[in-house]
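The values are calculated or read from the model by the stated rules, or taken from the named source; none is laboratory data. In this text the structure is predicted, and so the values were computed from the model without any measurement. We place every Cβ from the backbone using ideal geometry, glycine too, and count neighbours over all the protein chains shown. Accessible surface areas use protein heavy atoms only, side chains included; no ligands, DNA or RNA. Shrake-Rupley method; radii C 1.70, N 1.55, O 1.52, S 1.80 Å.
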Amino acid sequence: MNRCGCGVDGLLPHVLEDNIQIAFDATSAYVHAENSRKLNELGVMMIDLTPAAIGPLCVPPVNLKAHAEKVEMNVNMISCAGQATIPIVFAVSRIQPVGYGEIVASLASKSIGPGTRANLDEFTYTTSNAIEVVGGARKGKALAIINPAEPPMMMRNTISCLTDDEPDQAKITESVLEMIKEVQKYVPGYRLVNGPLFDGKRVTVFMEVAGLGDYLPKYAGNLDIMTAAATRTAEMFAQEIIAGTIQLKSPEVA
Amino acid sequence: MSAEQSLKGRKIIIHDMSLRDGMHAKREQMSIEQMVTIARALDEACVPMIQVTHGAGMGGNSLQHGFAPHSNEEYISAVASKMKQAKISVLLIPGLGTMKELKSAYDCGARSVHVATHCTEADTSPQHIAFARKLGMDTTGFLMMAHLNTPEDLAQQGKLMESYGAQTVYITDSAGYMLPADVKARVAALRAVLKPETEIGFHGHHNMGMGIANSIAAIEEGASRIDASVAGLGAGAGNTPLEVFAAVCERMGIETGCDLFKLMDMAEDIIVPMMDHMVRVDRSSLTLGFAGVYSTFLLHAKRAAERFGVPSRDILVELGRKKMIGGQEDMIVDTAMTMAKERGLLKDAAA
């Protein structure tokens, strides 16, 4: 891995030399578009971990395969709360129509950096939109709470969906449990705490995300789920490239 | 010198909360007609500021916090157009409400805002405070659950809000946990670091019966803005009861500019008859104050208790132990379900 403190321009000379085909950008929404343009020009596929979202939104168990098949050259990973909750919204909406999806993400204060803190509205807008576009709810709403408790709390996410008709309890429960297994393939600490709880047309699922505890503390499950989803995305593209089923757009075509 | 003498002639601004915190006590179900009736009576009684929104403020309409029958915009427009002197304010909690919603509240006539964060998370408010100032609103930084931070660290959080542009910094006793000495220490610490022109406010809850004593203690240390609700209509055991507070101020020579008898009349004739339950210190609300739990959790905990068969006091104490803060209402049902499972009252879906 090459590291430098000089931004994307420091990376460009290594692209051809090291045959870099996939890059991650965790800088900021403001500089992402330019970074992406420069790397795409060299035929590098871009995984966007900023809130810029210039490419399609990606939640691996929901739509990663479709993005890989279309050979998208830039995909956006939404937000940590998006990665933790949208699979569940989708697990309900694939069974029956969801008019409204609402998620509440509780995060340990120590795991939230200055960028997110100073731009909470962007987090709200990006995640709410993704609940609709990827999760399949006609209307989405995202709430974030930053909790300073010591010792720090694990990331908690509560997902609520309002179904148009009476929810099919058995089918939805099965679909949610199946989806949790899919996410656990790349985020082992993704765990159902309570639910699905049925209340008229409301379906509520209470989740916890524990981090791996390798590079970051366990309470930073929000950071782990974001990087794990990005890694899962890169792996899928890499597998397809190696298998020859997809080919990234060459510099000439771009 | 006695407190009465030292406070004689002090001017303070009373900020009514019955149409915002009071929404919690009404499970967010106040009608536009009720809001307008109450706001008109407050305006007549010369209360200078009235907060009007969903109990959780901008963006509050949600499964998490309940849906009010009308949008914030509808409530604010209806009330603001009827005011002769009172200024209308709103509540904005970053992470729930956004700047888009603040702009729309401003367009409906709101001219003041409480930008609220948990008492240690002031740095989630810079864009909202700056935007409120840009709109020309009277802008307050509102530090919730203030008992959970030390006076010194709370003062630093207030200093941050001041640096973003807040003209007033509030110490918010969301759990109704504080005693007068706790309030005094915090106001004094803020006064020591804030600019002289930055005002200090206190927002109390009456869960330990200390709403008025705490507000007076705040004024003694230099606070000049006090939140209160007529007949205490607010979350938990309610806010500092406004008419009682006004009476105490009058006896002490603190100038509020409010008409005490009109306030007494509206408490008795308008507010109390519309209460769904008597807002008072009872077993559950006292538990909130005693354990330091967010007042809004009260009715949610009572509902969860009915549904899952775990007493609400047990749920509230557990929420306090887990250090849950305002906004985590989803964790009330979650905690009740986990406790019900432990007590053999509920089965696991995954099992």
Within 10 Å of the Cβ of an average residue in B:50-62, the count of other chain Cβ atoms is 1
Once the Cα atoms of the stretch B:1-128 are picked out, what are the Rg and Dmax in Å? 15.7, 52
Only bridges whose two residues both fall in chain B count here: according to DSSP, what percent of them are antiparallel, nearest 5? 5 percent
Compute the length gained on full extension between A:Ile246 and A:Glu41: take 0.36 nm times their separation in residues and subtract their Cα-Cα distance, giving the result in nm to one decimal. 72.0 nm
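Taking every residue in A:110-123, how many Cβ atoms of other protein chains lie within 10 Å of its Cβ, on average?
Working: counts 0, 0, 3, 0, 1, 0, 1, 10, 6, 4, 14, 11, 2, 2.
Mean shielding by partner chains, rounded to a whole number: 4.
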In Å, the Kirkwood estimate of hydrodynamic radius for the stretch A:1-113 over Cα pairs equals 15.9 Å
For B:Cys258, what accessible area in Å² do you get when you roll a 1.4 Å probe over the heavy atoms of the protein chains, rounding to the nearest 10? 20 Å²
Relative to chain A, whose Cα atoms define the longest principal axis, helix A:80-93 and its Cα axis are tilted in degrees, nearest 10, by 60 degrees
Sum -39500 (n - 2.57) across every DSSP H segment of at least 4 residues in chain B, then divide by the residue count to get the 222 nm mean residue ellipticity, nearest 500. -12500 deg cm²/dmol
The protein assembly as shown - convex hull of the alpha-carbon atoms, volume per residue in Å³: 154 Å³
Under unit Cβ charges (Lys, Arg +1; Asp, Glu -1), what dipole magnitude, rounded to 20 debye, does chain B have relative to its Cα centre? 320 debye
Run the simple label-point estimate for B:Glu152 and B:Ser71 please: 7 Å along Cα→C-beta, distance reported in nm. 4.8 nm
Is there a pair in B:Lys100/B:Lys195; B:Lys11/B:Lys262; A:Lys110/A:Lys185; B:Lys26/B:Lys302 whose C-alpha atoms are over 24 Å apart, and which pairs would that be? B:Lys100/B:Lys195; A:Lys110/A:Lys185
So the carbon and sulfur contribution to the accessible area of the stretch B:164-275, 1.4 Å probe, in percent, is 56 percent
Distance cut-off 38 Å, percentage of C-alpha pairs in chain B lying past it: 11 percent
Shape of the stretch A:29-68 from its Cα gyration tensor (a ≥ b ≥ c, root eigenvalues): rounded if a/c is under 1.5, otherwise prolate when a/b > b/c, or oblate? oblate
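May I ask you to give the percent of accessible area on chain A that is carbon plus sulfur, with a probe radius of 1.4 Å?
Exposed carbon and sulfur together represent 55 percent of the surface.
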Which Rg and Dmax, in Å, describe the Cα atoms of the stretch A:52-172? 15.1, 45
Can you pull the Rg over Rh of the stretch B:170-316, Cα-only, Kirkwood? 1.02
At q = 0.07, 0.08 1/Å the base-10 log of I(q)/I(0) from the Debye formula over the alpha-carbon atoms of chain A is -0.24, -0.32
Per residue, accessible area of the stretch A:17-127 with a 1.4 Å probe, heavy atoms of protein chains only, in Å², comes to 34 Å²
Cα-derived Rg to Rh of the stretch A:128-173, Kirkwood definition: 1.10
Just the number, please: percent antiparallel of the DSSP beta bridges in the stretch B:117-206, rounded to the nearest 5. 0 percent
Could you work out the equivalent-ellipsoid semi-axes for the stretch B:1-55, taking the square root of 5 times each eigenvalue of the Cα gyration tensor, largest first, in whole Å? 30, 13, 7
Rounded to 10°, Cα long-axis angle of helix A:169-184 versus longest principal axis of chain A: 30 degrees
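Chain pair A, B: how much accessible area is buried, both chains summed, with a 1.4 Å probe, in Å² to 100? List each step's numbers first, then the result.
Details: alone 12420 and 14130 Å², together 23480 Å².
Approximately 3100 Å² gets buried when A meets B.
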Accessible area of B:His118 in the full protein assembly, 1.4 Å probe (Å², nearest 10): 20 Å²
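Where both residues lie in the protein assembly as shown, what percent of DSSP beta bridges are antiparallel, nearest 5?
Beta bridges within the protein assembly as shown, antiparallel portion: roughly 30 percent.
So what is the relative contact order for the stretch B:222-351, in percent, with contacts set as C-alpha pairs under 8 Å and at least six apart?
Values: 146 pairs, mean separation 25.2, N = 130.
Worked out over the stretch B:222-351, it gives 19 percent.
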The answer for the per residue Cα convex hull volume of the stretch A:101-196, in Å³, is 115 Å³
